[in-house]
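The structure appears right after this line, and notes come after that.
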Amino acid sequence: MRSKKSLLLSVSALAAAASVAATVVALQASTPVAAATRQALPPGYQIVTLPNANVPNFQRRTLYCPGSKRVLGGGAEARGNGAILVGSFPTDDGRGWIGLGRQIGYNDVGISVFAICAD
């Protein structure tokens with residue numbers, strides 16, 4: 001009986017060691033990838049947000065990039081019961097992002113806006 005117990009403990013210890021080794025290898029492999037991702041970002045990369053606020057249905061909420069940065073992309077979110085995002089698009093000058101929506105059965109809707117900006 002004793003040999004079965006020690007065999008079981010040995011197998012468990014081996015499995016635990018293999019798991020730790022696999023985790024270390026995965027972490028070492030992901031570090032260069034994370035560094036490469038950071039290096040691939042454009043200069044001045046920044047995500048900016050316009051927090052949720054209730055506005056009248058169909059009223060635009062506009063978020064501008066700080067300083068002389070330009071918008072690379074963005075999005076918006078409509079919040080509320082029956083909220084519908086009607087539009088999410090860049091400003092005409094390419095310096096910000098616009099979001100608008102409506103809410104069925106109400107006169108206002110919660111709108112949040114997000115923009116990805118860079119130099």
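The values are calculated or read from the model by the stated rules, or taken from the named source; none is laboratory data. Nothing here was measured: the structure is a model prediction, and the numbers come from that model. All Cβ positions, even for glycine, are placed from backbone atoms using ideal geometry, and neighbour counts span all protein chains on display.
Numbers at a glance
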read-out: First in region 41-55 and on the phi > 0 side of the Ramachandran plot, second anywhere and modelled with pLDDT of 95 or more and surrounded by 13 or more Cβ atoms within 10 Å (Cβ to Cβ), Cβ under 8 Å, 6 or more apart; value: GLY44/LYS69; GLY44/CYS117; GLY44/ALA118
read-out: Wholly within region 48-108, strands (runs of 3 or more DSSP E) carrying at least 3 residues that are among the aliphatic types (A, V, I, L, M); value: 70-79, 83-90
read-out: THR91 vs. criteria within 29 Å of LEU41 (Cα to Cα) and surrounded by 17 or more Cβ atoms within 10 Å (Cβ to Cβ); value: yes
read-out: Answer from GLN59, GLN46 - the residue that is more than 30 Å from ILE104 (Cα to Cα), of a type in the set (S, T, N, Q) and at pLDDT 95 or above; value: GLN46
read-out: Residues within region 92-119 that are in contact with a Phe, Trp or Tyr (Cβ under 7 Å, 6 or more places away or on another chain) and of a type in the set (Val, Ile, Thr), tallied; value: 2
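The rows are residues; the columns are (1) surrounded by fewer than 14 Cβ atoms within 10 Å (Cβ to Cβ); (2) of a type outside the set (Lys, Arg); (3) at pLDDT 95 or above.
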| residue | (1), (2), (3) |
| --- | --- |
| SER30 | yes, yes, no |
| PRO42 | yes, yes, no |
| ALA83 | no, yes, yes |
| ARG95 | no, no, yes |
| ARG102 | no, no, yes |
| ASP108 | no, yes, yes |
| PHE114 | no, yes, yes |
